[in-house]
Each structure stands twice: as structure tokens, then as C-alpha cells.
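Enquirer: Submitted below is the structure of interest, expressed as C-alpha cells.
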Amino acid sequence: MTRLPTPGSAKTPVIRASGGVTTRAPGVLKYDDVDAFGFDILPAQVRKKVVNLLSGSQIAATGQEPVTKRRPDGSHYQSVSGWWASASRVVLVTGRRELEPIANNCFRPRGRWHVSGHVHHFPPHLRPETSKWHFEAATSASKSGQERRTDDALDVLPPALAAPVIGGSSDAWKQGGPGSVEETIFAIRILEDRIRVLKAKRKARSERALAAADWHAWTLDAPVVASEPFGDSGLATRGAVGPGKTSDVLSRRAEHPES
């Protein structure tokens with residue numbers, strides 16, 4: 001299983017009035033080998049502290065690897081962040097734990113992870129919209145070797161599909177095995193009074209065929225009706241009904257190493 005090493009936000013795309021079809025050549029990502037993807041990237045202690053907030057069926061979710069930071073006073077700490085989205089809410093998570101130096105600019109944890117964040121609630125009975133997208137020029141671009149290398153997950157998608165979440169955050173990973181390769185992209189954009197969520201997935205029998213495969217997308221553009229902060233001293237639980245039911249495809253690890 002591989003994952004996009006440095007996901008980011010795409011530039012403003014040129015949107016063509018072509019329904020679900022575009023002739024713009026897709027971008028191609030470079031992936032790194034990883035042991036976890038999606039929300040499982042977050043440390044287990046962080047995930048455990050927010051599990052009761054994950055209400056509903058997961059649409060998309062991801063996190064970032066811990067990053068070591070230095071304060072002006074010379075002390076160090078680790079921080080992580082992530083988000084989880086269903087049709088009923090979005091949970092934004094941040095975690096921090098102190099570090100202490102040992103030797104040669106190396107550190108070890110001092111204490112446990114402290115978790116905080118916000119829960120943004122949506123109106124009831126929302127459902128993500130589903131759609132199918134195709135790059136008309138994908139096959140010809142792949143055959144000619146004219147690939148557009150990119151480090152931006154959204155740059156791989158058709159511009160009209162990516163446009164609503166431009167300016168937010170995104171992530172991508174690829175799973176592979178004998179006779180099957182699957183690429184997944186998650187993205188979120190938080191506006192003043194609404195949140196947009198995207199899950200896009202494509203699958204093929206080989207890497208070569210994947211470049212021309214159709215994208216299947218799930219999108220949500222939801223107004224925020226209430227927001228609650230949470231932290232170690234008191235997690236927000238209003239409306240939470242227990243652990244979220246996550247999609248089997250999104251939550252499991254790859255069964256085979258990438259071919």
C-alpha cells in the first residue's frame with residue numbers, strides 16, 4: 001500500500017462545460033510505502049479519545065503523521081491533526097504531546113497525547129451525491145508518455161469534480177495486488193457556514209489501465225447548523241451515538257503489497 005507523501009491544495013482549475021467529461025490530461029502522483037492510511041494514520045490514543053464522536057457512516061477521513069515542533073523556549077512537542085466526515089457531521093481533531101531530549105537531537109515522548117477539536121453538525125437526513133467521471137484524454141496521454149507529474153491529490157481529478165474543494169485539504173493513497181490496483185482521494189473544504197466533502201475512487205486491473213479508469217465520486221455540500229469544541233477535560237457528546245460505522249473498503253489495510 002502506498003500513500004501520497006505530501007498532500008496539499010490544488011490551484012484553481014479551468015472548468016469546462018462538458019458534463020462529466022474533460023479533455024484535460026490528468027496529473028500523476030508519486031506515492032510512498034506506508035503501513036496505515038486514512039484516519040488510521042493518527043496515533044491509537046488520539047483515535048480512542050474521539051471514537052464516541054464518530055457518528056454515522058464514514059464518507060471520508062484522514063490524518064497526518066506526527067510532526068515534531070520546537071517552541072521559542074527550546075522545548076519540543078509532537079502534533080497531529082485529522083478529520084472525519086459522515087453525512088451528519090465533521091469531526092476535526094488535533095493532538096499534542098510533550099517530548100524530552102535524550103541525545104544527538106533525538107527525543108522521546110513525555111506524557112500522553114492531549115486531544116482537542118471541533119464537531120460540526122449538519123441537518124438531518126443528508127445523503128452524499130454520487131457521480132461518475134471520465135478523462136477522455138487519459139488513454140492517449142498515457143500512451144504518448146505525456147504524463148503531468150504533480151504532488152497535489154486534487155490535480156489528479158477532473159477539474160469540475162475537484163473545484164468545490166479547492167482551497168481545502170486533500171489526501172491520496174493507492175492499494176495494489178495481483179490483478180487489482182485502486183486509487184482513493186479524500187478532500188474537505190471548510191467554509192464560513194458550510195463544509196464540502198469529497199471521496200473519489202478508481203480501480204483497474206493494472207497500473208497502466210488505472211490511468212484511463214473512470215472516477216466514482218461521493219460528494220457532500222452541507223450547511224453547518226451547530227458546532228461544538230471538545231478537549232481532554234470534556235469531550236462534546238451531544239448527538240453522538242457511539243463509534244462510527246466506517247466503510248469496509250476505506251478502513252481496511254491492503255491485503256497484498258503493491259505490485
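Enquirer: Just name the residue that is farthest from R189 (Cα to Cα) out of those in segment 91-124 that are part of a strand (DSSP E or B) and aromatic (F, W, Y). Reasoning before the result, please.
Expert: Step one: list which residues in segment 91-124 are part of a strand (DSSP E or B), which gives 91-101, 107-121.
Pick out the ones that are also aromatic (F, W, Y) and you get 107, 113.
Values: F107: 34, W113: 26 Å.
Ranking the qualifying residues of segment 91-124, first place goes to F107.
Enquirer: Restricted to segment 74-90, and to residues that are of a type in the set (A, V, I, L, M) and assigned to a strand (DSSP E or B), which residue is nearest to D193 (Cα to Cα)? Quick ask: steps written out before the conclusion?
Expert: The first filter runs over segment 74-90 and keeps only residues of a type in the set (A, V, I, L, M), leaving 80, 85, 87, 90.
Filter once more, keeping what is assigned to a strand (DSSP E or B): 80, 85, 90.
Details: V80: 25, A85: 16, V90: 13 Å.
Ranking the qualifying residues of segment 74-90, first place goes to V90.
Enquirer: Still on this structure, I have one more. What single numbered condition from (1) hydrophobic (A, V, I, L, M, F, W, C); (2) within 18 Å of K132 (Cβ to Cβ); (3) more than 12 Å from the chain's Cα centre (by Cα) fails to hold for A200?
Expert: With respect to (1) hydrophobic (A, V, I, L, M, F, W, C); (2) within 18 Å of K132 (Cβ to Cβ); (3) more than 12 Å from the chain's Cα centre (by Cα), A200 is out only on (3).
Enquirer: Could you list all residues from segment 188-202 that are out of contact with any helix residue (DSSP H, G or I) (no Cβ under 7 Å at 6 or more places or on another chain), of a type in the set (V, I, T) and open to solvent by less than 70 Å² (accessible area, probe 1.4 Å)? Break it down into steps so the answer makes sense when it comes.
Expert: Filtering segment 188-202 for residues out of contact with any helix residue (DSSP H, G or I) (no Cβ under 7 Å at 6 or more places or on another chain) gives 190-195, 197, 199, 201.
Now narrow it down to the ones that are of a type in the set (V, I, T): 190, 195, 197.
Hits for segment 188-202 are I195, V197.
Enquirer: If I filter segment 74-109 down to residues being of a type in the set (G, A, S) and under 30 Å from D221 (Cβ atoms), which single residue comes out as surrounded by the fewest Cβ atoms within 10 Å (Cβ to Cβ)? Write out each step before concluding.
Expert: So the first thing to find is which residues in segment 74-109 are of a type in the set (G, A, S), and the list is 74-75, 79, 81-82, 85-88, 95, 103.
After this cut, where a residue has to be under 30 Å from D221 (Cβ atoms) as well, the list is 79, 81-82, 85-88, 95.
Details: S79: 14, S81: 18, G82: 23, A85: 29, S86: 23, A87: 20, S88: 19, G95: 24.
Taking the candidates together, the pick is S79.
Enquirer: Would you pick out the residues in segment 74-88 that are out of contact with any helix residue (DSSP H, G or I) (no Cβ under 7 Å at 6 or more places or on another chain) and on the phi < 0 side of the Ramachandran plot? Let's see the steps before the verdict.
Expert: Of segment 74-88, the ones out of contact with any helix residue (DSSP H, G or I) (no Cβ under 7 Å at 6 or more places or on another chain) are 74-79, 81, 83, 85-88.
Hits for segment 74-88 are S75, H76, Y77, Q78, S79, S81, W83, A85, S86, A87, S88.
Enquirer: Evaluate segment 172-184: report whether one residue or more is open to solvent by 10 Å² or more (accessible area, probe 1.4 Å), within 18 Å of V90 (Cα to Cα) and assigned to a strand (DSSP E or B).
Expert: No, every residue in segment 172-184 fails to be open to solvent by 10 Å² or more (accessible area, probe 1.4 Å), within 18 Å of V90 (Cα to Cα) and assigned to a strand (DSSP E or B).
Enquirer: Okay, moving on. Consider segment 47-73. How many of its residues are free of Cβ contacts under 8 Å to residues at least 40 places away in the same chain and either surrounded by 12 or more Cβ atoms within 10 Å (Cβ to Cβ) or not in a loop (DSSP other than H, G, I, E, B) (or both)?
Expert: Residues of segment 47-73 free of Cβ contacts under 8 Å to residues at least 40 places away in the same chain: 47-48, 63-73.
From the residues that got through so far, the ones that are either surrounded by 12 or more Cβ atoms within 10 Å (Cβ to Cβ) or not in a loop (DSSP other than H, G, I, E, B) (or both) too are 47-48, 63-70.
Within segment 47-73, residues that are free of Cβ contacts under 8 Å to residues at least 40 places away in the same chain and either surrounded by 12 or more Cβ atoms within 10 Å (Cβ to Cβ) or not in a loop (DSSP other than H, G, I, E, B) (or both) number 10.
Enquirer: Identify all residues within segment 200-259 that are part of a helix (DSSP H, G or I), in contact with an Asp or Glu (Cβ under 9 Å, 6 or more places away or on another chain) and modelled with pLDDT of 90 or more; write none if there are none.
Expert: L210
Enquirer: Then there's this: Failed condition for A209, given (1) under 16 Å from P26 (Cβ atoms); (2) in contact (Cβ under 8 Å) with a residue 40 or more places away in the chain, with all others met?
Expert: Evaluating A209 over (1) under 16 Å from P26 (Cβ atoms); (2) in contact (Cβ under 8 Å) with a residue 40 or more places away in the chain leaves (2) as the failure.
Enquirer: Something else: Output the residues belonging to segment 24-39 that are in contact with a strand residue (DSSP E or B) (Cβ under 8 Å, 6 or more places away or on another chain) and not small (G, A, S).
Expert: Start the filter on segment 24-39 by keeping residues that are in contact with a strand residue (DSSP E or B) (Cβ under 8 Å, 6 or more places away or on another chain), which leaves 24-34, 37-39.
Of everything in segment 24-39, those that are in contact with a strand residue (DSSP E or B) (Cβ under 8 Å, 6 or more places away or on another chain) and not small (G, A, S) turn out to be R24, P26, V28, L29, K30, Y31, D32, D33, V34, F37, F39.
The values are calculated or read from the model by the stated rules, or taken from the named source; none is laboratory data. All values derive from a computational prediction rather than experimental measurement. Using ideal geometry, Cβ is built from the backbone for each residue, glycine included, and neighbour counts are taken over all protein chains shown. Side chains included, ligands, DNA and RNA excluded: accessible areas come from the protein's heavy atoms. Shrake-Rupley method; radii C 1.70, N 1.55, O 1.52, S 1.80 Å.
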